[in-house]
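For reference, the structure is listed below as structure tokens.
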Amino acid sequence: TRYHWFESARRGHDEILEARSAVDPSIVHTITVARAMTLLREDRLVDADSAIGELRRDVNRARDAARRAQTSAGKEIDTVAIRAIDSAGLALLELYRDIKTGHFDEAIELFESRMKLMRDQLSTRVADAWALVARAYDAKARPTEAATAFRRATSLAPFAELSRRYPELVGLDRKFDLPRIPN
């Protein structure tokens with residue numbers, strides 16, 4: 001995927017997913033997210049949306065199963081544990097889909113509602129989310145929020161890397177200042 005060989009990456013993802021019973025469920029989820037990301041990058045939006053829907057259903061099923069398990073054990077529902085089932089990878093994927101399809105209001109809403117989850121689970125890759133929401137803010141003529149999001153993104157990851165992953169970001173570096181990197 002790093003070298004934009006999306007079809008090859010997708011074939012590799014498919015091979016691993018075929019052996020899903022031999023792979024840890026969290027790895028299956030991660031690979032499924034990566035596969036859906038390649039579909040978005042190839043502009044296979046219908047296939048990507050279908051994959052995102054299936055991922056969302058998987059997360060919802062896992063959340064429901066955890067609730068049932070806690071309830072049947074007579075425990076009070078641990079909302080922190082239930083929220084931990086949510087997937088920051090899926091949130092990032094949905095955010096990118098919204099940017100790619102021009103649904104900037106939805107992207108901003110999703111980012112604002114899932115920022116803590118993404119920050120907690122993605123570590124410095126949260127730069128991707130900040131960069132994508134900078135694009136959404138810019139598209140909605142919200143320059144102050146766009147500049148702040150862009151600065152946060154590029155403080156965590158080089159713009160060249162972010163724009164390589166998300167071509168929709170190209171040009172933001174001409175609108176907003178890149179952070180100075182200390183010597």
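The values are calculated or read from the model by the stated rules, or taken from the named source; none is laboratory data. Remember, predicted model here, so these are calculated numbers, not experimental data. Here the Cβ positions follow ideal geometry from the backbone for every residue, glycine too, while neighbour counts run over all protein chains shown. Surface areas here come from the heavy atoms of the whole protein model, side chains and all, with no ligands, DNA or RNA. Shrake-Rupley method; radii C 1.70, N 1.55, O 1.52, S 1.80 Å.
Identify, among A36, A48, N60, the residue whose Cα sits farthest towards the positive end of the charge dipole of segment 17-62, taking +1 on the Cβ of Lys and Arg and -1 on the Cβ of Asp and Glu, with the dipole about the Cα centre.
N60
From the helices alone, meaning DSSP H stretches of at least four residues, give me the mean residue ellipticity at 222 nm for the chain, per-run term -39500 (n - 2.57), in deg cm²/dmol to the nearest 500.
The helix contribution divided over the chain gives -23500 deg cm²/dmol.
Relative to the Cα centre, what is the charge dipole magnitude of segment 78-164, using +1 at the beta carbon of each Lys and Arg, -1 at the beta carbon of each Asp and Glu, and rounding to the nearest 20 debye?
Charge dipole, segment 78-164, about its Cα centre: 280 debye, nearest 20.
Mind pulling the angle between the C-alpha long axis of helix 143-156 and the longest principal axis of the chain? Nearest 10 degrees, somewhere in 0 to 90.
Once rounded, one gets 70 degrees.
Please work out whether segment 104-167 counts as rounded, prolate or oblate from its C-alpha gyration tensor, where a ≥ b ≥ c are the square roots of the eigenvalues and a/c under 1.5 means rounded, while otherwise a/b larger than b/c means prolate and anything else oblate?
Verdict is oblate for segment 104-167.
Once phi is turned into ³J(HN,Hα) by the Karplus curve 6.51 cos²θ - 1.76 cosθ + 1.60 with θ = phi - 60°, what whole-Hz value does each residue of segment 45-57 show in order, with x for glycine and proline?
Once θ is set to phi - 60°, the couplings for segment 45-57 become 5, 5, 5, 5, 5, 4, 5, 5, x, 5, 4, 4, 4 Hz.
Treating only the Cβ atoms of Lys and Arg (+1) and Asp and Glu (-1) as charged, compute the dipole magnitude of the chain about its Cα centre; round to the nearest 20 debye.
360 debye
Please enumerate, by chain and number, the aspartates and glutamates with C-alpha under 16 Å from the C-alpha of K175, excluding those fewer than 8 residues away in the same chain.
Qualifying aspartates and glutamates at Cα under 16 Å: D138, E145.
Out of these labelled values of Rg/Rh (Cα atoms, Kirkwood Rh), (1) 1.01; (2) 0.94; (3) 1.06, which was calculated from the coordinates shown here?
Recomputing Rg/Rh (Cα atoms, Kirkwood Rh) here picks out (1).
Put +1 on the Cβ of every Lys and Arg and -1 on every Asp and Glu Cβ in the chain; which of Y166, A146, A107 then has its Cα farthest towards the positive end of the dipole?
Among Y166, A146, A107, the one farthest towards the positive end of the dipole of the chain is A146.
Got a number for the accessible area of E15? Probe 1.4 Å, square angstrom, nearest 10.
For E15, solvent-accessible area is about 130 Å².
To the nearest 10 degrees, how steep is helix 6-18 against the longest Cα principal axis of the chain, on a 0 to 90 scale?
10 degrees
With axes computed from alpha carbons, what is the tilt in degrees of helix 126-139 against the longest principal axis of the chain, rounded to the nearest 10 within 0 to 90?
60 degrees
So what does S113 come to for accessible area, using a 1.4 Å probe and Å² rounded to 10?
Result for S113: roughly 90 Å² accessible.
State, to one decimal in nm, how far the label point of A141 lies from the label point of E106, with both points 7 Å from Cα in the Cβ direction.
With each label placed 7 Å out from Cα toward Cβ, I get 2.3 nm.
List the lysines whose Cα lies under 23 Å from the Cα of K116, skipping any in the same chain that are fewer than 8 positions away.
The reachable lysines, counting only those whose Cα sits under 23 Å from K116, are K100, K140.
What figure in square angstrom, to the nearest 10, would you give for the accessible area of H103 with a 1.4 Å probe?
80 Å²
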